[in-house]
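I have placed the structure first, in the form of structure tokens, so that the comments after it can refer back to it.
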Amino acid sequence: QVQVVESGGGTVQAGGSLNLSCAASGTIFGINVMGWHRQGPGKQRELVATITSRGMPNYADSVKERFTISRDNAKNTVYLQMNSLRPEDTAVYYCNVRWLNGMMDSWGKGTLVTVSS
């Protein structure tokens, strides 16, 4: 069984920062891409950022220059440092882990980020 657990969400004022963490555990191996998606109120889920096992990041245009994704392969953990937060960043942030060399896909339950103006 595989568990994916996010942490670090909360409420912050516009311009502030938050750091999200996501740890994958259980019978999981061959992890390649780890990433973050989000779903805002009344919106569809969208990609925020991903990072390969070799550390190559990819960002949505809306978060470039403000968010930084990183990972610790030894801990099966991915992080999302979010700076200069905006009200439109308000969303539930979900962690996604692709493992078994991309054949399996696991999601966390999400962590809520609220940015007040």
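Observations
- ³J(HN,Hα), Karplus 6.51/-1.76/1.60, whole Hz, each residue of segment 88-105, x for Gly, Pro: 6, 7, 4, 4, 8, 9, 10, 8, 10, 10, 9, 9, 6, 6, x, 7, 10, 9
- Distant-in-sequence amide contacts of Arg86, defined by a placed amide H-H separation under 5 Å and a gap of 5 or more residues or a different chain, comprise Gly15.
- Rolling a 1.4 Å probe across the protein heavy atoms gives the chain an accessible surface of 54 Å² per residue.
- The fraction of accessible area contributed by carbon and sulfur in the chain is 49 percent, rounded to a whole number (1.4 Å probe; ligands and nucleic acids excluded).
- In a simple Cβ point-charge model (Lys, Arg +1; Asp, Glu -1; nothing else charged), segment 9-117 has a dipole of about 120 debye relative to its Cα centre.
- Cα-projected label distance for Asp105 with Val5, points at 7 Å along beta-carbon direction, nm: 2.5
- Potential lengthening of the chain between Ser17 and Ser117 amounts to 34.6 nm, from the contour at 0.36 nm per residue minus the alpha-carbon distance.
- Computed label-point distance, nm, for sites Ser25 and Gln39 using a 7 Å Cα→Cβ extension: 2.5
- Normalising the average separation of contacting C-alpha pairs (under 8 angstrom, six or more residues apart) by the number of residues puts the relative contact order of the chain at 37 percent.
The values are calculated or read from the model by the stated rules, or taken from the named source; none is laboratory data. Since this is a predicted model, take the numbers as computed values, not measurements. For neighbour counting, all protein chains shown are included, and Cβ atoms are generated from backbone atoms with ideal geometry for every residue, glycine included. Please note that ligands, DNA and RNA were not included when accessible areas were found on the heavy atoms of the full protein model with its side chains. Shrake-Rupley method; radii C 1.70, N 1.55, O 1.52, S 1.80 Å.
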